[in-house]
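K.L.:
Here it is: the structure, laid out below.
Values quoted throughout were computed directly from the atomic coordinates according to the rules given, and no laboratory measurement underlies them. Since the model is a prediction, treat every value here as computed from it, not as a measurement. Backbone-built Cβ (ideal geometry, glycine too); neighbour counts: all protein chains shown.
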Amino acid sequence: MSNTLWNNAINQMVEAINSDNNIKDFFMNFEPDCDRGYAWSQYPQYKYYAGILDHKTNSTGHSGASFACCLRESVDIIRRGVVVAEEVLVVEGDTDNNDINDDDITTLEPIA
C-alpha cells in the first residue's frame with residue numbers, strides 16, 4: 001500500500017471513529033490484550049464496533065491485518081489530538097515548494 005493510500009485509510013478511519021460518540025468513547029478507553037492486539041481481540045463490544053468501522057471503511061479494502069494496524073494508528077492519532085492533514089505533493093522543478101523541510105512544519109498542540 002502506498003503512503004498516499006495508507007494516509008487516506010487512516011483519515012477515513014479517524015473520520016469513522018469520530019462520527020460516532022459511542023465508538024469514540026469506547027476506543028479512547030479500550031486496550032486490547034497485549035497477546036492478542038486489535039487483530040485477534042474477542043471482546044464482544046470491540047467486535048461490534050470493529051464491525052461498524054469495517055462497514056464504514058470498506059472502500060479502503062483492508063485485510064484483517066491492515067484493518068488492525070489502521071485502527072491502532074487512528075486511535076493513537078485521536079488520543080494524541082493530532083490533526084490529520086492531506087499529504088503535500090512536492091513537484092521537482094517547482095521553485096515554490098523546493099525549500100520545504102521539517103523545520104517549516106509547525107505542530108499544533110490540542111486545545112484542552
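K.L.:
Can you pull the one-decimal nm distance between simple spin-label points at ASN58 and ASN29, each 7 Å off the Cα toward Cβ?
P.N.:
Distance between label points: 3.0 nm.
K.L.:
Right, here's the next one. If you place +1 on the Cβ of every Lys and Arg, -1 on the Cβ of every Asp and Glu, and leave all else neutral, what size is the dipole of the range 1-84 about its Cα centre, to the nearest 20 Debye? Let's see the in-between values first.
P.N.:
Details: 7 positive and 9 negative charges, 15 e Å.
The calculated dipole for the range 1-84 is roughly 80 debye.
K.L.:
Starting from 0.36 nm per residue, how many nanometres of slack lie between GLU109 and GLN42 once their C-alpha separation is accounted for? Please list the in-between numbers first.
P.N.:
Working: separation 67, 0.36 × 67 = 24.12 nm, distance 3.47 nm.
Fully extending the segment from GLU109 to GLN42 adds 20.6 nm.
K.L.:
Taking a ≥ b ≥ c as the square roots of the Cα gyration tensor eigenvalues, with a/c under 1.5 meaning rounded and otherwise prolate when a/b beats b/c, else oblate, which class fits the range 3-80?
P.N.:
Verdict is rounded for the range 3-80.
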